[in-house]
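See structure below.
The values are calculated or read from the model by the stated rules, or taken from the named source; none is laboratory data. Keep in mind the model is a prediction, meaning the values are calculated, not measured. Please note: Cβ atoms are built from the backbone with ideal geometry, for glycine as well, and neighbour counts cover all protein chains shown.
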Amino acid sequence: MSVSQWLYILLVNTTTVLTVGRLLLRPWATHDVDFVLAAARDSAIGRYSSVGTATSPAAAQQWISARVEPDRRDWVVVMASQPVGRVSLARINPTDGVAELGYWVLPEVRRQGVASDAVAIVEQHAFVTERLSRLVIRHELENQASCALATSRGYLAEGTERSAFERHGLRRDLHVHGLLATDNASRD
Ligand SMILES: CC(C)(COP(=O)(O)OP(=O)(O)OC[C@H]1O[C@@H](n2cnc3c(N)ncnc32)[C@H](O)[C@@H]1OP(=O)(O)O)[C@@H](O)C(=O)NCCC(=O)NCCS
(Lines give C-alpha, C1' and ligand atoms only; values in the text may rest on other atoms or scores of the structure.)
Protein backbone atom coordinates (compact mmCIF):
# COMPACT_ATOMS: atom_id res chain seq x y z
CA MET A 1 0.00 0.00 0.00
CA SER A 2 1.36 3.45 -0.91
CA VAL A 3 2.03 6.27 1.59
CA SER A 4 -0.89 8.23 0.14
CA GLN A 5 -3.24 5.27 0.71
CA TRP A 6 -2.07 4.99 4.36
CA LEU A 7 -2.56 8.73 4.83
CA TYR A 8 -6.03 8.45 3.30
CA ILE A 9 -6.94 5.64 5.72
CA LEU A 10 -5.61 7.61 8.71
CA LEU A 11 -7.32 10.86 7.80
CA VAL A 12 -10.60 9.83 6.15
CA ASN A 13 -11.24 6.29 7.36
CA THR A 14 -14.02 6.87 9.82
CA THR A 15 -17.73 6.33 9.46
CA THR A 16 -18.98 9.74 10.55
CA VAL A 17 -22.51 10.63 11.61
CA LEU A 18 -24.46 12.18 8.71
CA THR A 19 -27.82 13.89 9.01
CA VAL A 20 -30.34 15.31 6.61
CA GLY A 21 -34.05 15.98 7.07
CA ARG A 22 -35.76 13.08 8.85
CA LEU A 23 -32.74 10.74 8.65
CA LEU A 24 -29.63 10.27 10.77
CA LEU A 25 -26.90 7.91 9.61
CA ARG A 26 -24.58 6.56 12.32
CA PRO A 27 -21.93 3.83 12.67
CA TRP A 28 -22.96 0.33 13.80
CA ALA A 29 -22.87 -0.40 17.55
CA THR A 30 -22.97 -3.57 19.67
CA HIS A 31 -26.53 -2.73 20.75
CA ASP A 32 -27.74 -3.16 17.14
CA VAL A 33 -27.93 -6.97 17.50
CA ASP A 34 -31.75 -7.13 17.65
CA PHE A 35 -32.02 -4.80 14.64
CA VAL A 36 -29.63 -7.04 12.66
CA LEU A 37 -31.64 -10.14 13.60
CA ALA A 38 -34.89 -8.43 12.49
CA ALA A 39 -33.31 -7.46 9.17
CA ALA A 40 -31.98 -10.98 8.57
CA ARG A 41 -35.50 -12.39 9.07
CA ASP A 42 -36.83 -10.37 6.10
CA SER A 43 -36.77 -12.59 3.03
CA ALA A 44 -35.63 -9.88 0.57
CA ILE A 45 -32.85 -8.56 2.82
CA GLY A 46 -31.85 -12.11 3.70
CA ARG A 47 -31.63 -12.98 0.05
CA TYR A 48 -29.75 -9.94 -1.25
CA SER A 49 -27.52 -8.86 1.66
CA SER A 50 -24.70 -10.47 3.65
CA VAL A 51 -26.73 -9.70 6.78
CA GLY A 52 -28.94 -12.67 5.84
CA THR A 53 -26.35 -14.98 7.44
CA ALA A 54 -26.75 -13.24 10.83
CA THR A 55 -29.42 -15.53 12.20
CA SER A 56 -28.14 -15.84 15.80
CA PRO A 57 -27.02 -13.18 18.33
CA ALA A 58 -23.40 -14.35 17.97
CA ALA A 59 -23.56 -14.18 14.18
CA ALA A 60 -25.21 -10.75 14.38
CA GLN A 61 -22.42 -9.48 16.64
CA GLN A 62 -19.84 -10.88 14.23
CA TRP A 63 -21.58 -9.19 11.30
CA ILE A 64 -21.57 -5.85 13.19
CA SER A 65 -17.84 -6.21 13.94
CA ALA A 66 -17.16 -6.75 10.24
CA ARG A 67 -18.71 -3.35 9.39
CA VAL A 68 -15.39 -1.72 10.33
CA GLU A 69 -12.80 -2.26 7.61
CA PRO A 70 -10.26 0.14 6.06
CA ASP A 71 -12.05 0.20 2.70
CA ARG A 72 -15.63 0.42 4.05
CA ARG A 73 -18.04 2.96 5.55
CA ASP A 74 -21.21 1.39 6.89
CA TRP A 75 -24.12 3.26 8.44
CA VAL A 76 -27.32 2.43 10.31
CA VAL A 77 -30.18 4.53 8.91
CA VAL A 78 -32.19 5.98 11.82
CA MET A 79 -35.62 7.59 11.46
CA ALA A 80 -37.70 8.89 14.39
CA SER A 81 -35.00 7.48 16.74
CA GLN A 82 -35.48 3.95 15.34
CA PRO A 83 -32.99 1.98 13.24
CA VAL A 84 -34.76 1.28 9.93
CA GLY A 85 -32.05 0.46 7.40
CA ARG A 86 -28.48 0.32 6.29
CA VAL A 87 -26.40 2.06 3.65
CA SER A 88 -22.74 1.40 2.90
CA LEU A 89 -19.74 2.24 0.79
CA ALA A 90 -17.64 -0.87 0.19
CA ARG A 91 -14.42 -1.63 -1.69
CA ILE A 92 -13.44 2.04 -1.46
CA ASN A 93 -10.44 2.52 -3.69
CA PRO A 94 -9.05 6.05 -3.16
CA THR A 95 -6.47 5.58 -5.91
CA ASP A 96 -9.10 4.89 -8.56
CA GLY A 97 -11.70 7.07 -6.82
CA VAL A 98 -14.31 4.31 -6.90
CA ALA A 99 -16.59 2.63 -4.34
CA GLU A 100 -19.61 0.31 -4.32
CA LEU A 101 -22.88 1.36 -2.74
CA GLY A 102 -25.11 -1.04 -0.78
CA TYR A 103 -28.45 -0.63 1.02
CA TRP A 104 -31.47 -2.21 2.59
CA VAL A 105 -34.42 -0.97 4.62
CA LEU A 106 -36.91 -2.83 6.79
CA PRO A 107 -40.15 -3.78 4.99
CA GLU A 108 -42.32 -1.49 7.16
CA VAL A 109 -40.61 1.66 5.83
CA ARG A 110 -40.28 0.69 2.15
CA ARG A 111 -41.70 2.84 -0.67
CA GLN A 112 -41.41 6.01 1.43
CA GLY A 113 -38.18 7.32 -0.11
CA VAL A 114 -36.06 6.25 2.88
CA ALA A 115 -33.44 4.39 0.83
CA SER A 116 -33.35 7.19 -1.77
CA ASP A 117 -32.76 9.82 0.92
CA ALA A 118 -30.07 7.73 2.66
CA VAL A 119 -28.32 7.06 -0.65
CA ALA A 120 -28.42 10.77 -1.50
CA ILE A 121 -26.63 11.66 1.78
CA VAL A 122 -23.96 9.03 1.18
CA GLU A 123 -23.43 10.18 -2.42
CA GLN A 124 -22.76 13.67 -1.11
CA HIS A 125 -20.31 12.25 1.45
CA ALA A 126 -18.58 10.10 -1.19
CA PHE A 127 -18.21 12.79 -3.84
CA VAL A 128 -17.57 15.84 -1.63
CA THR A 129 -15.91 14.58 1.58
CA GLU A 130 -14.09 11.53 0.23
CA ARG A 131 -13.57 13.07 -3.22
CA LEU A 132 -14.49 9.86 -5.05
CA SER A 133 -15.23 10.03 -8.77
CA ARG A 134 -17.50 7.05 -9.33
CA LEU A 135 -20.08 5.02 -7.39
CA VAL A 136 -21.27 1.60 -8.48
CA ILE A 137 -24.44 -0.33 -7.62
CA ARG A 138 -24.58 -4.06 -8.42
CA HIS A 139 -27.83 -5.97 -8.01
CA GLU A 140 -29.18 -9.36 -9.02
CA LEU A 141 -31.16 -9.19 -12.24
CA GLU A 142 -34.51 -10.02 -10.66
CA ASN A 143 -34.13 -7.40 -7.90
CA GLN A 144 -36.48 -4.83 -9.40
CA ALA A 145 -36.64 -2.66 -6.26
CA SER A 146 -32.87 -2.18 -6.26
CA CYS A 147 -32.85 -1.54 -10.02
CA ALA A 148 -35.62 1.06 -9.60
CA LEU A 149 -33.76 2.81 -6.79
CA ALA A 150 -30.50 2.94 -8.77
CA THR A 151 -32.31 4.24 -11.85
CA SER A 152 -34.30 6.85 -9.92
CA ARG A 153 -31.03 8.15 -8.37
CA GLY A 154 -29.57 8.59 -11.86
CA TYR A 155 -27.20 5.60 -11.98
CA LEU A 156 -26.79 4.61 -15.63
CA ALA A 157 -27.25 0.92 -16.46
CA GLU A 158 -23.81 -0.15 -17.67
CA GLY A 159 -24.36 -3.82 -18.40
CA THR A 160 -24.46 -7.27 -16.85
CA GLU A 161 -21.64 -9.09 -15.09
CA ARG A 162 -22.38 -12.64 -16.12
CA SER A 163 -21.91 -15.44 -13.58
CA ALA A 164 -20.59 -12.93 -11.03
CA PHE A 165 -20.93 -15.20 -7.96
CA GLU A 166 -22.47 -18.43 -6.70
CA ARG A 167 -25.35 -18.85 -4.25
CA HIS A 168 -27.08 -22.11 -3.32
CA GLY A 169 -25.14 -23.91 -6.06
CA LEU A 170 -26.31 -21.54 -8.82
CA ARG A 171 -24.20 -18.98 -10.66
CA ARG A 172 -25.80 -15.49 -10.53
CA ASP A 173 -25.60 -12.51 -12.90
CA LEU A 174 -25.31 -8.95 -11.60
CA HIS A 175 -26.71 -5.81 -13.22
CA VAL A 176 -24.23 -2.91 -12.92
CA HIS A 177 -25.17 0.78 -12.55
CA GLY A 178 -22.73 3.69 -12.28
CA LEU A 179 -22.92 7.31 -11.16
CA LEU A 180 -20.07 9.78 -11.69
CA ALA A 181 -19.28 12.82 -9.56
CA THR A 182 -19.73 14.84 -12.72
CA ASP A 183 -23.21 13.34 -13.28
CA ASN A 184 -23.98 14.31 -9.69
CA ALA A 185 -22.84 17.90 -10.16
CA SER A 186 -25.03 18.35 -13.23
CA ARG A 187 -28.33 17.22 -11.73
CA ASP A 188 -30.78 19.13 -9.51
C1 LIG B 1 -34.23 -1.82 -2.58
C2 LIG B 1 -34.75 -1.11 -1.34
C3 LIG B 1 -33.57 -0.68 -0.46
C4 LIG B 1 -35.57 0.13 -1.77
O5 LIG B 1 -35.87 0.86 -0.58
P6 LIG B 1 -37.08 1.91 -0.50
O7 LIG B 1 -36.86 2.79 0.68
O8 LIG B 1 -38.37 1.17 -0.58
O9 LIG B 1 -36.89 2.74 -1.85
P10 LIG B 1 -37.50 4.18 -2.14
O11 LIG B 1 -38.82 4.34 -1.46
O12 LIG B 1 -36.44 5.20 -1.83
O13 LIG B 1 -37.75 4.10 -3.70
C14 LIG B 1 -36.76 4.44 -4.67
C15 LIG B 1 -37.34 4.29 -6.05
O16 LIG B 1 -37.47 2.90 -6.35
C17 LIG B 1 -38.85 2.57 -6.62
N18 LIG B 1 -39.11 1.27 -5.98
C19 LIG B 1 -38.84 0.93 -4.71
N20 LIG B 1 -39.23 -0.33 -4.49
C21 LIG B 1 -39.74 -0.78 -5.65
C22 LIG B 1 -40.31 -2.00 -6.06
N23 LIG B 1 -40.44 -3.04 -5.19
N24 LIG B 1 -40.73 -2.14 -7.34
C25 LIG B 1 -40.61 -1.12 -8.23
N26 LIG B 1 -40.08 0.09 -7.89
C27 LIG B 1 -39.65 0.25 -6.62
C28 LIG B 1 -39.64 3.70 -5.99
O29 LIG B 1 -40.90 3.87 -6.62
C30 LIG B 1 -38.74 4.88 -6.21
O31 LIG B 1 -38.84 5.33 -7.56
P32 LIG B 1 -39.21 6.86 -7.88
O33 LIG B 1 -38.10 7.68 -7.21
O34 LIG B 1 -39.15 6.92 -9.37
O35 LIG B 1 -40.54 7.09 -7.27
C36 LIG B 1 -35.70 -2.04 -0.50
O37 LIG B 1 -36.70 -2.54 -1.35
C38 LIG B 1 -34.99 -3.20 0.17
O39 LIG B 1 -34.46 -3.06 1.27
N40 LIG B 1 -34.96 -4.39 -0.51
C41 LIG B 1 -34.35 -5.59 0.06
C42 LIG B 1 -32.84 -5.51 0.14
C43 LIG B 1 -32.22 -5.21 -1.21
O44 LIG B 1 -32.67 -5.67 -2.24
N45 LIG B 1 -31.10 -4.45 -1.17
C46 LIG B 1 -30.37 -4.12 -2.39
C47 LIG B 1 -29.42 -5.20 -2.76
S48 LIG B 1 -28.58 -4.83 -4.28
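Below are the figures for this structure:
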read-out	value
Subset of region 161-177 (residues that are surrounded by fewer than 18 Cβ atoms within 10 Å (Cβ to Cβ) and within 14 Å of the ligand (Cβ to nearest atom))	Glu161, Ala164, Phe165, Arg167, Arg172, Asp173, Leu174
Lone unmet requirement of (1) within 25 Å of Pro107 (Cβ to Cβ); (2) of a type outside the set (S, T, N, Q); (3) within 14 Å of the ligand (Cβ to nearest atom); (4) modelled with pLDDT under 95 for Arg187	(1)
Count of region 65-86 residues which are out of contact with any strand residue (DSSP E or B) (no Cβ under 7 Å at 6 or more places or on another chain) and closer than 18 Å to Leu24 by Cβ	3
Filtered residues of region 112-145 (kept if in a loop (DSSP other than H, G, I, E, B) and crowded, with 21+ Cβ neighbours inside 10 Å)	Leu132
Unmet requirement for Ala148, which otherwise passes all of (1) loosely packed, with under 15 Cβ neighbours inside 10 Å; (2) over 18 Å from Val87 (Cα atoms)	(2)
Residues located in region 121-157, provided they are among the β-branched types (Val, Ile, Thr) and either away from the ligand (no atom under 13 Å from the Cβ) or over 12 Å from the mean Cα position of the chain (by Cα) (or both)	Val128, Thr129, Thr151
Search result, residues across region 148-177 that are at negative phi and among the small types (Gly, Ala, Ser)	Ala148, Ala150, Ser152, Ala157, Ala164
